[in-house]
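Read-outs throughout are calculated quantities, based only on the coordinates presented, and are distinct from any laboratory measurement. None of these values were measured; they are calculated from a predicted model. Here Cβ is always computed from backbone atoms with ideal geometry, including for glycine, and neighbour counts include all displayed protein chains.
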Amino acid sequence: MRNKFLLILFLLSIVLISCEKEIGRIDLLKNNSEEIGFKLQKGDVINLYTDIDIEYKEKPLFVYECEFYYDEKILFKGGTDPLLTQNNQKESKVTIDGITHWKFYGKLQGNIIADMAGEYAIKTTFVRNNKPDLKINKAEIVFVK
């Protein structure tokens, strides 16, 4: 009986530790560049995800360019390709008559770890090519803690 209790306690702790919560989302089609703020404690980790839905003949070139701020001072700036992700969920990729329709929710490379408690902000800009065969139905960056 004690072993079952310990096993249940162990499994419950794994579930609680692995739980992530969405804390913000930016629709980059509504506003090509937008800033979002977070109040973080030291050691908090923010992971970046993309929720994207596109149609194309030739695979597009995209970048989510991000500027990270602490207390209104820039910490660093960098970019990530929203089509290079890990752990994709709800992925669908179909090509018909040379047109690919691809949608998914996936984890972007990198994360943010708060070095100190305080106000953090992330400004994201969606940089993309404007080819006539490209249709973007959805392009969102999602912040998960």
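Residues satisfying the criterion are absent from region 41-56 (criterion: farther than 15 Å from LYS138 by Cα and free of Cβ contacts under 8 Å to residues at least 40 places away in the same chain). Looking at ILE99, is it surrounded by 11 or more Cβ atoms within 10 Å (Cβ to Cβ) and over 22 Å from LYS135 (Cβ atoms)? Against the criterion (surrounded by 11 or more Cβ atoms within 10 Å (Cβ to Cβ) and over 22 Å from LYS135 (Cβ atoms)), ILE99 does not qualify. Of all the criteria given as (1) surrounded by 11 or more Cβ atoms within 10 Å (Cβ to Cβ); (2) not in a loop (DSSP other than H, G, I, E, B), the one not satisfied by ASN31 is (2).
Yes or no, residue by residue, for (1) more than 30 Å from VAL94 (Cβ to Cβ); (2) more than 12 Å from the chain's Cα centre (by Cα):
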| residue | (1), (2) |
| --- | --- |
| VAL45 | yes, yes |
| ILE52 | no, no |
| TYR56 | no, yes |
| LEU61 | no, yes |
| PHE68 | yes, yes |
| THR80 | no, no |
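Looking across region 128-143 at every residue that is basic (Lys, Arg) and surrounded by fewer than 16 Cβ atoms within 10 Å (Cβ to Cβ), the one that is nearest to the chain's Cα centre (by Cα) is identified as LYS138. Mind listing whichever residues of region 95-127 are in contact (Cβ under 8 Å) with a residue 40 or more places away in the chain, over 17 Å from the mean Cα position of the chain (by Cα) and part of a strand (DSSP E or B)? Within region 95-127, ILE99, THR100, HIS101, GLY118, GLU119 meet the criteria.
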